[in-house]
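What follows is one structure encoded as structure tokens, with my remarks underneath.
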Amino acid sequence: VTLRLDSCTFLGLHATTGRPPMLFDSWSDLIRIVAVGVPAYVALLLILRLSGKRTLSKLNAFDLVITVAMGSTLANILLSPEVSLAEGMTALGLLVLLQSLITWTSVRSQLARKLAKSEPTLLFYRNEFLRRALVRERVTPAEIRAAARAHGFADLTSVEAIVLETDGSISAVSRADSKAISTLEGVQRRSGDD
């Protein structure tokens, strides 16, 4: 890998003309994008289809990072002439393989599961903001109220619990459902929360 840092590259200028490539640089660049883009897209679809639905799920932060990394890799394949189609496909395949390995291992090992994803956190329970949990997770009471509104609650007294999920989303459980709250299993109120 050669790192080229001349004044044109550093300033974002075209290497041969010395001017910014504003709206159009060359036909060859556009042709390359189409010539590499179509097979890259088809290959990505095949990789995703073969790897299964779990690859693009966003069940936790790790899944989101992999999804973003795959998008970034595809963008590099399309726009960077320094990245060949074979190199890009290898990178995409590696990301999917690593993600599959992590999820396969986390299904079978509690230690791997703890390393790969966080636990859901109870932020609001039975009309009470859990202040320490809010501070620890950097969530404000206003954001809890907004999440309650987004879930269709007009009043927090109608809410049994609000949970910060492992993927960063916030879920709400209705008080009407509070007689059988099996969905709160594994979401424990930490001692010391007020």
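The values are calculated or read from the model by the stated rules, or taken from the named source; none is laboratory data. No experiment lies behind these values; they were computed from the predicted model shown. Backbone-built Cβ (ideal geometry, glycine too); neighbour counts: all protein chains shown. Only protein heavy atoms, including side chains, enter the accessible area calculation; ligands, DNA and RNA are left aside. Shrake-Rupley method; radii C 1.70, N 1.55, O 1.52, S 1.80 Å.
Projected label points at Val42 and Ala61, each 7 Å from Cα along the beta carbon direction, are separated by 3.9 nanometres. Size of the stretch 41-88 from its Cα atoms: along the principal axes, largest to smallest, the extents are 34, 21, 12 Å. Oblate is the label for the stretch 75-150, because the ratio a/c of its alpha-carbon gyration tensor axes (a ≥ b ≥ c) is 1.5 or higher and a/b is not greater than b/c. Between Arg113 and Arg138, the FRET efficiency estimated from the beta carbon spacing at R0 = 35 angstrom works out to 0.90.
Neighbours of Ser106 by Cβ distance under 10 Å: Lys/Arg scored +1, Asp/Glu scored -1, total +4.
Within the full protein context, the accessible area of Ser51 is estimated at about 40 Å² for a probe radius of 1.4 Å. Surface exposure of the stretch 91-167, expressed per residue as accessible area with a 1.4 Å probe, stands at 59 Å². Just so you know, the Cα atoms of the stretch 111-169 work out to an Rg and Dmax of 12.3, 40 Å.
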